[in-house]
Amino acid sequence: MKNMENVSKSQKIPTSLLIFIIGVFMAALDNGIISAALTTINQSFQVSATEGAWGITLYTLGMAVSTPIVGKLADRYGRKKLFLIEILIFGLGSLLVALSPSFTFFLTARLIQSFGGGGIFIIASSHVLSTMPKERQGSLLGILGAMNGIASVLGPNIGSFLLDWTGSWHWLFLINVPIALLLLIFGLIVIPETKGNVLSKTDFWGIVFLSTAILSIMFAITNLGSDDLLGSFLSLKVLGLLILGILLFVILILIEKSNPKRNVDSILPFSLLRQKAYLLTLLMGFLSGTLIAAVIFVPSFVQAVLGVTAANSGYWMTPLALAAGVGASMGGIFVDKQGPVKTLVYASIVAVIGFGWLAYFADTKPLFIAASIVAGIGFGFLIGAPLSVLASNAAGEEKGSALGTLSVARQIGLTIAPTIYATLIQNGFGQLKTIIPEKLQQNGISPQDIPASEWQKFSSSTGNMNDLASQIDKIPVPQIQSALESAIHQAAEIAYQHVFLTASIMAFLILPLAFFLWRALRKEK
């Protein structure tokens, strides 16, 4: 009986980790929640959709810059201390966002909020890797990954619910304040302090160059245009910023390489960048970000292909979100039992099947639900434990720094992939020029029967289903309406097939990378 009690106790989630789990869920939820209220927020400040998008963009940029820095500072000054500071900043930022008197103030407050949210997941992961026995690290990291994944995917649905319930977007942010206060109080009481072994001097110039390098690259990515991907890439605001970011990274590496001689605690240890296994882990982190980005297009997919209304399309994310949570937890268990490399192989295979299924065999609602569950489990495996464990193993005492850099790699994938996917969707709907005449002729109708002005609207469509539906309703001839609806449905199938097929290819690329990683780890031994 005593043995049974000891086993039961060992499987319990520590109270300190519950604090971290709630913090991770709160921070990950925020960017998804705001997307549901973006139109309402833009109207309240009387700004355009393009200007309003900066509310999300600045949060993404702030998180990308702050994550590796906070991870390193947590290693140096203490993970409990930095976690409480992060929660305090996030709660203050949330309050300022809710009370914003102007759009400029709103954007500033969102940036402050992002500095608080950026390091919470990294600190929580470092805490697990520093305090828990190795045989439990995978499953506990899986739980953190599950919370992170579920919150990111369910954010828009929860945001819509809160907006409908309260009638005000301000409550989407005010709700964070009491949660943050409770996390501060209980975190102060129950979280033990841990820190890594560090040198005496802080890497000030490393922080400066790392921040500006990440900022340059992320700004370049956000300036990519899905309507002309190649043209926008060659522009100064994209290619110029990318070149600047690369140059800053080169300078950063030179600084980090010289830091040990100067007894400086590097923000990005040069020894990590020389490890083939760690670089492969970063690349797989990037690919995992592209898979998460594909999920963003599920609501528009079910609307365009399955005929779900725009109001209900967001709810069709739920099966995938729950499956991602299950997958993250399962991935953690697999890491504990079979190791991170084998878990990555399983994750890749399941994700390839899931996204491939979405691409080719999800043309009915039951098939879509089944496919989204498989895809969710596949990418859920990736967002939890395996990559975090690999990064931690490579880092030694520098866990926060290693996990922070991994998070940036994932964020870059998550930022760049939507533009690529949006371009694929536009190209798919661009085929309406050839599909519409075929459908009209099948119904015994000549394309000349459609007024030139209406034809131009359809042939130049980029896939906005609400606009297309309203245009079809204006055409009085039922046969023409039927032909156009059939053409749009076919174009939508082609467009989203390309999106999910690309995601499936990204998942497949993890397989050879896992093999190279296995070889690299064997050589290091």
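The values are calculated or read from the model by the stated rules, or taken from the named source; none is laboratory data. Remember, predicted model here, so these are calculated numbers, not experimental data. For neighbour counting, all protein chains shown are included, and Cβ atoms are generated from backbone atoms with ideal geometry for every residue, glycine included. For the accessible areas, the whole protein counts, side chains as well, though only heavy atoms, and no ligand, DNA or RNA atoms are used. Shrake-Rupley method; radii C 1.70, N 1.55, O 1.52, S 1.80 Å.
At-a-glance table
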| item | result |
| --- | --- |
| Share of carbon and sulfur in the accessible heavy-atom surface of the range 99-182 [1.4 Å probe, %] | 72 percent |
| Cβ-based net charge around Val335, under 15 Å, with every Lys or Arg adding one and every Asp or Glu removing one | +2 |
| Per residue accessible area of the range 171-322, 1.4 Å probe, in Å² | 48 Å² |
| Accessible-area order (highest first, 1.4 angstrom probe) of the listed residues Phe515, Phe103, Phe204 | Phe204, Phe515, Phe103 |
| Local net charge near Phe90, Cβ-Cβ under 14 Å (Lys/Arg +1, Asp/Glu -1) | -1 |
| For peptides 176-187, 371-382, sequence by mean Cβ density within 10 Å, most packed first | 371-382, 176-187 |
| Angle between the chain longest axis and helix 204-222 axis [Cα atoms, degrees, rounded to 10] | 10 degrees |
| Normalised contact order of the range 248-374, rounded percent, pairs of Cα under 8 Å and 6 or more residues apart | 17 percent |
| Degrees between helix 340-360 axis and first principal axis of the chain (Cα, 0 to 90, nearest 10) | 10 degrees |
| Cleavage-rule hits, trypsin sites (Lys or Arg not before Pro), the range 202-287, DSSP coil, Cβ neighbours within 10 Å at most 11 | Arg274 |
| List Tyr77, Tyr278, ordered by accessible area with a 1.4 Å probe, largest first | Tyr77, Tyr278 |
| Radius of gyration and Dmax over the Cα atoms of the range 148-301, both given in Å | 21.0, 59 |
| Between the range 239-254 and the range 316-340, the Cα center-to-center distance that results, in Å | 36 Å |
| Most to least accessible of Glu398, Glu86, Glu51, Glu493 (protein chains only, probe 1.4 Å) | Glu51, Glu493, Glu398, Glu86 |
| Helical contribution to [θ] at 222 nm, DSSP H n ≥ 4, -39,500 (n - 2.57), averaged over the chain, rounded to 500 | -26500 deg cm²/dmol |
| Per-pair calculated FRET efficiency, R0 = 51 Å: Ile243 and Thr104 via Cβ, rounded to 0.05 | 0.95 |
| Exceeding the 28 Å Cα-Cα cut-off - candidates Lys237/Lys276; Lys342/Lys399; Lys257/Lys342; Lys72/Lys237; Lys134/Lys257; Lys201/Lys337 | Lys237/Lys276; Lys257/Lys342; Lys72/Lys237; Lys134/Lys257; Lys201/Lys337 |
| Rounded to the nearest 10 Å², the accessible area of Trp518 at probe 1.4 Å | 110 Å² |
| Length-normalised contact order for the chain - Cα pairs under 8 Å, 6+ apart - percent | 20 percent |
| Folded to 0 to 90 degrees: helix 399-429 orientation relative to the chain principal axis, Cα | 10 degrees |
| Rg(Cα) / (2.2 N^0.38 Å) computed for the chain, rounded to two decimals | 1.01 |
